Each structure stands twice: as C-alpha cells, then as structure tokens.
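Accompanying notes for the structure given below.
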Amino acid sequence: MNPDLQKDEFKKDDFKRDKSFDYNLLTTFHAIYSQKSVTKASVLLNISPSAVSQSLNKLRGYFSDPLFVREGSNLSATVTAVNLFSATQESFEALTRNVSVYMNSTARNRLIVSCPPYISMRVLPVLMALVKEIMPNTKVVHADNGSSVMLSSEALQYRKADLVFDCDPHYSSSAVTYPILSEELTFVCRKDHPRLNDSLDKEQAALEQFSILESDGPAIKLAQQNITDNIGERTFCFRSSSLFSILSVVENSDTVAIVPIWLFNKFHTTFNIKSLSTEFPLSPINIYMVHNKTSLQNKALGKIVEKINNHFGA
C-alpha cells in the first residue's frame, strides 16, 4: 500500500475512534487541575461555574472516574486524573504555544505585561521607551498580578501575558527567567514617631507594631522570615498587598514597615516618613523578567527583552 494512503487511513481511523470525545474538555480539565477548584477554573476560563461542572461531569462519564474529589476547600486529583494530566500536559502546552505563536504572527499589536504595581513603576518606563523605539505601533497593556505567584504562573501558562515581572523566578521547560534588579530594603516609620529616632534594634522592635506586605511569593516570605530570625517575633497590626497602602498607614500611625529603598527615596517627603537603620543587614529582593520561549519568535519582542537585560544589567 502507498505509504501516504496508509497514513491517511490511520488518520481516518483516529477520527473515527476519537469522535465521541470533545477535546475542548481538556482545557477545562487542565484548568480544574491547576486551580483545584471549579469556581477558580471558571474565572480562569471566563465561563460560568455551572459550565465547568457540566464539562467535568462529561469527563467523569468518559473516563468512568470522579477525577477530582473534595478535600477541605480544594479538589484533589484522583490517580486517573494525575495520569491523564501527565499524559496530556506536554501536548496541551505545545498546542497552546503554537496557537499563541500563530496569533502573534497574524494581527496582534498588543504587548501584555503582568507585574505588581511597585514593579511596574520600576520597569514600565523603560519598557515603554523601548516599545516606542522598536514596536511603535504596539499598545502596551499592564495586567496587575497583585503580588500573586499563582496569577503570574497562570499568565505564562495560559498566554495571558507576553512578559511577566515578578519577585520569584519561574522554572519551566517552556519559560525563560532573567534576574534584572536587586531591591535593597529599609525599615520606615513616620518622621515624628514618639519612640523611634533614626534606628531600630531588637528591644525596640519587640515593643512596636508593624505593617507587612501580604504576598504568597516564596522570595518575599523568605525575606520576611529572615528578618524575624534576626529581630525576633513582631506584632503585625496591618497587612496589605499594596506598598502605597502601607506607606499611607505608616505615616498616619505609629506602625513600622519594611519597603524598598528606591520607593522610600522617591516618596519619603510625600508620605512624611523616615528610614531606620538596623544593627543587621536586610537581604535584598530580586526582580525577574519571565517570558515563554516561543515569545522570542517575535523578533521585535526579542530585541526588547535583550535591551531590558542590558539596561538593568548595566
């Protein structure tokens, strides 16, 4: 038999064998698997929770397995679901990448950047200048990931962003991570604080209340734990994912906080705050730039990535 005809027969057999399965369900399956929640998967896919539940029921019927079982507030994958995810993950990600590349190569004129508000202040001015130089007809869209590692990972995995700037590196076979900045930190309080002058020691810290940055990022959590190891346990009266909210609270209360020195230098007069020296160093926080490997097939974006590295590495 002609090899080409034989190959065509195999393709026909594949379609006949698989026509009962709706491959759109795999998108729902991967969303539930990553989110461990029907509700969160519905938000990610921008469809209703009932639509996700209906798709899950179809998957359960097709594989004769519950796939996900309730454990507390999350869904836990069964052995069948784990095996299905392992078997389809590479192909699913490759398909998503290829479709994304096709879309980028046709009619796309937007550059979507995902990062928290503070990091956006550090990188977006540089990025905007480079876009104007290299991709002048491109519109830049900033997506706030709210200091959430999960949202940053989703932005990459589901192609919701072209570039991600984050305090944590993203290790993946499909992504590339570059360290671009190292942010030094400092303790701050309001200028007329009744007890603190220009420094903070362990004894003073034990008597003060603190504002703290709320984040699920391992890098920030590790830095916060290192500070606790050095200065001892502290009392926290305010938590926020916004550094500007923290500065506002600090200048209007007797709380103490830790912020990047760059932020302090830029806004210490605006917020009426002062820096406090310590008897131990504060470990800096690194900022990373991350993108999918296939993004560099866009040569203009590749130039921007290279120039960002050169700018901050200089």
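The values are calculated or read from the model by the stated rules, or taken from the named source; none is laboratory data. Please read all numbers here as calculations on a predicted model, not as lab measurements. Glycine also receives a Cβ, built like all others from the backbone with ideal geometry; neighbour counts cover every protein chain displayed.
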Do the conditions hold for Leu75, that is, is it in contact with a Phe, Trp or Tyr (Cβ under 6 Å, 6 or more places away or on another chain) and not β-branched (Val, Ile, Thr)? yes
Among (1) crowded, with 19+ Cβ neighbours inside 10 Å; (2) in the same structural domain as Asp166 (by TED's automatic domain parsing); (3) not in a strand (DSSP E or B), Leu263 falls short only on (2)
Could you list, in sequence order, all residues of region 58-78 that are outside any loop (DSSP other than H, G, I, E, B) and either touching a strand residue (DSSP E or B) at 6+ places or on another chain (Cβ under 7 Å) or surrounded by 11 or more Cβ atoms within 10 Å (Cβ to Cβ) (or both)? Lys58, Leu59, Arg60, Tyr62, Phe63, Phe68, Val69, Asn74, Leu75, Ser76, Ala77
Residues (among the hydrophobic types (A, V, I, L, M, F, W, C) and either touching a Lys or Arg at 6+ places or on another chain (Cβ under 9 Å) or surrounded by fewer than 16 Cβ atoms within 10 Å (Cβ to Cβ) (or both)) located in region 250-260: Val250, Val256
Being among the small types (Gly, Ala, Ser) and assigned to a helix (DSSP H, G or I) is the filter here; which residues of region 25-49 pass it? Ala31, Ser34, Ala41, Ser42
Can you name the residue in region 263-281 that is among the hydrophobic types (A, V, I, L, M, F, W, C) and touching a helix residue (DSSP H, G or I) at 6+ places or on another chain (Cβ under 7 Å) and is also nearest to Thr177 (Cα to Cα) among such residues? Leu263
Selected residue (only one of Ser34, Ser53 is farther than 19 Å from Ser172 by Cβ, of a type in the set (Gly, Ala, Ser), at pLDDT 85 or above and out of contact with any strand residue (DSSP E or B) (no Cβ under 8 Å at 6 or more places or on another chain)): Ser53
Limited to region 136-160, what total is found for residues that are modelled with pLDDT under 85, hydrophobic (A, V, I, L, M, F, W, C) and out of contact with any Asp or Glu (no Cβ under 6 Å at 6 or more places or on another chain)? 4
Looking at region 246-260, which of the residues that are part of a helix (DSSP H, G or I) and of a type in the set (A, V, I, L, M) is nearest to Lys191 (Cα to Cα)? Val250
